[in-house]
1. For the chain, calculate the relative contact order in percent as a whole number, restricting contacts to Cα pairs under 8 Å that are 6 or more residues apart.
2. Rounded to the nearest 500 deg cm²/dmol, what is the calculated helix-only ellipticity per residue at 222 nm for the chain, with -39500 (n - 2.57) per DSSP H run of length n ≥ 4?
3. Sorting check: for 28-39, 434-445, 257-268, which peptide has the highest mean count of neighbouring beta carbons within 10 Å, and how do the rest follow?
4. Here are some pairs, Lys257/Lys313; Lys72/Lys136; Lys128/Lys175; which of them have Cα atoms lying more than 27 Å apart in this structure?
5. What list of ³J(HN,Hα) couplings, whole Hz, do you get for the stretch 109-117 from phi and the Karplus terms 6.51, -1.76, 1.60, once you set θ to phi - 60° and write x for glycine and proline?
6. Beyond a 24 Å Cα-Cα separation, which of these cross-linked pairs lie in this structure: Lys361/Lys459; Lys265/Lys376; Lys153/Lys188; Lys121/Lys162; Lys86/Lys185?
7. In terms of modelled amide H atoms, which long-range or inter-chain residues lie less than 5 Å from the amide H of Val18?
8. Check the straight Cα-Cα distances from Lys47 and name the aspartates and glutamates below 12 Å, setting aside those fewer than 8 residues away within the same chain.
Amino acid sequence: MNQNQNIVLTCDLDETLVKTDMFFEAIYSLIKSNPIFIFYFPFWILKGLPHLKQQIFSRVEIDYSILPYNQKVLDFLYIEKSNGRKLVLITATPQFIADKVEEHLNLFDEVYGSNDKINLKSHKKADKLVELYGEKGFDYVGDSLADINVWSKGRNAYLVAKTKLSQSKIQKSIKITEILDTNEKIAKSIIKEIRVYQWIKNILLFIPLIMAHHFTDLGLLTKNIAAFFAFSLIASSVYVINDIFDLDNDRKHRTKKNRPFASGKLRLQYAIILIPILILLSLLSVFIFLDFNFLLILIIYFVTTTLYSFYLKKVVLLDILILSILFTLRIFAGGIATQTPLSPWLLGFTLFLFLSLAFVKRYTELEYVKSEQKSKTTGRGYITSDIPMIQSMGISSGFISVLVLVLYFNSEDVKLLYSNPLVLWAVTPIFLYWIINIWFVANRGNMNDDPVVFAAKDKVSYIVFALIGIILYFAL
């Protein structure tokens with residue numbers, strides 16, 4: 001007989017069996033459903049942490065089928081179960097939540113969770129296990145420094161390490177039998193979470209300076225660079241806000257499920273640190289290099305994108321209009337930052353261009369939903385029967401942007417900036433080709449979720465914009 005069969009294998013839930021913290025999941029879910037509950041927290045905590053947990057968890061609904069379970073831990077547990085071992089889930093999370101997890105997994109023989117009087121963590125968890133199975137009568141799978149008290153009373157210690165640093169600290173106190181898993185490096189996950197690759201969208205802030213032919217002015221260029229980072233950092237803060245309050249929808253999405261918070265690669269607690277740091281760094285760039293007018297634009301952008309993340313993205317068509325306006329707002333912000341007059345032709349052109357690209361994004365999402373034999377998108381108001389209309393409006397918007405460009409080339413504004421304005425007409429067929437190509441790519445199912453990011457990696461786009469740059473040079 002396997003000697004382990006007589007020793008109970010116990011396992012923690014938060015950041016061990018699942019790669020997330022259920023308490024923070026519940027907090028974010030409750031705030032999303034009704035932000036007023038934030039003001040209840042101080043009164044609930046006065047009655048103790050167990051009471052706070054009970055109040056929060058009792059008001060939220062959790063989809064246990066999409067939680068980021070730790071596959072390495074599950075594999076280990078299934079193997080031990082097949083070898084005849086008794087498995088026990090023991091957690092500081094409330095009992096009824098732990099029961100729901102077990103109901104989904106159908107893996108554990110016994111389940112123990114906290115109640116409104118006892119928080120089963122650290123020494124209280126250790127005492128409970130000793131009471132049930134005796135000292136050294138159990139093995140334990142845990143993840144944190146708080147679990148040292150539990151491991152010290154058990155036999156074998158299995159570790160799911162959050163970081164190499166936490167692993168090192170734990171190993172100084174406890175002999176670890178086996179390390180089941182170690183999360184990815186925090187810095188790598190943070191960079192992915194704040195979506196640095198999306199900062200390429202904010203290059204639009206340089207458009208007014210370039211189009212006014214003032215890009216050699218170092219003073220204005222410095223302001224433009226500061227504006228770029230201010231916008232990028234504030235946008236990243238909104239990405240974090242969006243991700244922590246949209247965990248369920250992200251986990252149901254084919255690509256968004258891999259985002260750091262949704263996948264559990266980055267602890268939800270880091271959002272509390274990341275959001276204020278990103279906002280403060282953005283404001284610092286404004287206060288040092290820019291003025292109050294730019295700050296107002298930044299606030300408008302932050303408020304609009306936050307509203308978009310919480311509500312506006314669910315409203316059919318309004319979400320697409322908001323996306324196109326936000327892109328145009330970037331160009332407007334670039335003009336404000338460098339005090340460069342903005343051509344209404346330029347704003348009109350970008351509005352219709354990015355309206356077309358926003359339609360591309362929704363079209364791509366719906367085509368994928370259709371391929372999965374589903375009828376509607378997750379977290380959006382679109383259905384697959386909307387595809388023909390979205391495609392029609394998107395292509396039309398792209399063509400209108402080219403028409404605005406043609407009208408601009410024929411305006412008096414162009415004659416003031418270019419000595420050979422007729423040369424600019426060569427831009428028209430090239431740009432028209434680019435718009436059509438983007439839609440062909442989307443129609444063939446080869447489009448990335450975000451067409452702007454796709455264009456930043458697309459060889460055809462590189463060639464098109466290089467040719468446009470050459471034409472603009474010869475038109476000077």
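1. On the way: 678 pairs, mean separation 55.3, N = 476.
That works out to 12 percent.
2. Values: 22 runs with 283 residues, N = 476.
Calculated at 222 nm, the ellipticity per residue is -19000 deg cm²/dmol.
3. Details: 28-39: 14.2, 434-445: 16.5, 257-268: 20.8.
Peptide ranking by packing, descending: 257-268, 434-445, 28-39.
4. Details: Lys257/Lys313 18 Å; Lys72/Lys136 24 Å; Lys128/Lys175 21 Å.
Violating the 27 Å limit, Cα to Cα: no pairs.
5. My calculation for the stretch 109-117 gives 7, 9, 9, 10, x, 6, 10, 6, 10 Hz in order.
6. Working: Lys361/Lys459 19 Å; Lys265/Lys376 28 Å; Lys153/Lys188 36 Å; Lys121/Lys162 17 Å; Lys86/Lys185 34 Å.
The pairs that break the limit, which is 24 Å between Cα atoms, are Lys265/Lys376; Lys153/Lys188; Lys86/Lys185.
7. Asn70
8. Straight-line reach from Lys47, under 12 Å: Asp116.
Laboratory data are not the source of any read-out in this text; all were calculated from the coordinates shown. Everything numeric in this text was worked out from a predicted model, so none of it was measured. Neighbour counts are summed over all protein chains in view; Cβ atoms, including those assigned to glycine, are modelled from backbone coordinates with ideal geometry.
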